[in-house]
Amino acid sequence: ALLPILNYPDPRLRTIAEPVKEVTAEIKTLIADMIETMYDAQGIGLAASQVDRHIQLIVMDLSEDKSHPRVFINPKVTPLVEEKQPYEEGCLSVPDVYDKVERPTKVRIEALDENGDKIDEEVEGLLAVCIQHEMDHLNGVIFVDYLSRLKQTRARDKVRKVIKIREKQG
Ligand SMILES: O=C(O)C[C@@H](Cc1ccccc1)C(=O)SCC(=O)c1ccccc1
Ligand SMILES: [Zn+2]
């Protein structure tokens, strides 16, 4: 089922996510719903925080044909290099706002997948950017927090406008 995505600056987006203790049937349903919601919203990632579920769960799919969804449960991300690179990020909770954010270019991801099996990978490129963006969500951080006050104000105004238009479209 499609889940409603919280929009910036909703304070619920600032909630710190709790670890997942057990991958229950309910969590598996949430994973399927988050993947469906991510595709519907034209995203490449989605954190549970964005659908108002405050558990450490991320879904991502960087494939062209939306055929390789990945699930990260209780993820831990560790930068592997000091070097940072800017990337033009977006966010499904801050629609129509894109801006450059600098992040470490290579990171280690330790997590569990949807079957409870261990994931331990070193990644770079868009996958590294996206997993760090999603990890921020689980820690109540939104990419606009890295931008200037002026850009944060513009982002709030922009989201307000986009939401109004979407509500008119029904
Ligand atoms: O809000 C989210 O977590 C999803 C977000 C993930 C993300 C995209 C790009 C850089 C970092 C994190 C999105 O999917 S935004 C929409 C999108 O598909 C996109 C935007 C900019 C570049 C590439 C993809
Ligand atoms: Zn986001």
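The values are calculated or read from the model by the stated rules, or taken from the named source; none is laboratory data. These figures come from a predicted structure and were not determined experimentally. Cβ placement follows ideal geometry from the backbone for every residue including glycine, while neighbour counts extend to all protein chains displayed. When the accessible area is computed, the model is the full protein with side chains, heavy atoms only, and any ligands, DNA or RNA have been set aside. Shrake-Rupley method; radii C 1.70, N 1.55, O 1.52, S 1.80 Å.
Collect the residues in the range 34-91 that are out of contact with any strand residue (DSSP E or B) (no Cβ under 6 Å at 6 or more places or on another chain), over 19 Å from TYR8 (Cβ atoms) and of a type in the set (A, V, I, L, M, F, W, C), keeping them in residue-number order.
LEU62
How do the pairs read when you match residues in the range 81-93 that are among the aromatic types (Phe, Trp, Tyr) with residues anywhere that are more than 8 Å from ligand 2 (Cβ to nearest atom) and assigned to a strand (DSSP E or B), using Cβ under 9 Å and keeping only pairs 6 or more apart or on different chains?
From residues that are among the aromatic types (Phe, Trp, Tyr), the pairs are TYR87/LYS100; TYR87/VAL101; TYR87/GLU102; TYR87/ARG103.
Quick one: in the range 37-96, of everything that is within 8 Å of ligand 1 (Cβ to nearest atom) and of a type in the set (S, T, N, Q), which residue is surrounded by the most Cβ atoms within 10 Å (Cβ to Cβ)?
Only one residue fits best here, namely GLN50.
With respect to PRO69, is the statement that it is farther than 14 Å from VAL129 by Cα and within 16 Å of ligand 2 (Cβ to nearest atom) true?
no
Taking the conditions exactly as written (without any contact (Cβ under 8 Å) to a residue 40 or more places away in the chain, within 16 Å of ligand 2 (Cβ to nearest atom) and surrounded by 15 or more Cβ atoms within 10 Å (Cβ to Cβ)), does ALA155 satisfy them or not?
no
Please go through the range 158-170 and give me each residue that is in contact (Cβ under 8 Å) with a residue 40 or more places away in the chain and either over 22 Å from the mean Cα position of the chain (by Cα) or under 22 Å from VAL101 (Cβ atoms) (or both), ordered by number.
LYS158, VAL159, VAL162
Looking at the range 37-46, which of the residues that are part of a loop (DSSP other than H, G, I, E, B) and in contact (Cβ under 8 Å) with a residue 24 or more places away in the chain is nearest to ligand 2 (Cβ to nearest atom)?
GLY43
Kindly list the number of the only condition in (1) under 19 Å from LEU62 (Cα atoms); (2) within 15 Å of ligand 2 (Cβ to nearest atom) that fails for GLU124.
Evaluating GLU124 over (1) under 19 Å from LEU62 (Cα atoms); (2) within 15 Å of ligand 2 (Cβ to nearest atom) leaves (2) as the failure.
Suppose we keep only residues that are open to solvent by less than 70 Å² (accessible area, probe 1.4 Å) and of a type outside the set (A, V, I, L, M, F, W, C) within the range 22-36. Which one would you say is nearest to ligand 2 (Cβ to nearest atom)?
Filtering first and then ranking leaves ASP33.
Tell me, which residue of the range 113-129 that is farther than 20 Å from VAL20 by Cβ and in contact (Cβ under 8 Å) with a residue 40 or more places away in the chain is farthest from ligand 1 (Cβ to nearest atom)?
Taking the candidates together, the pick is GLU122.
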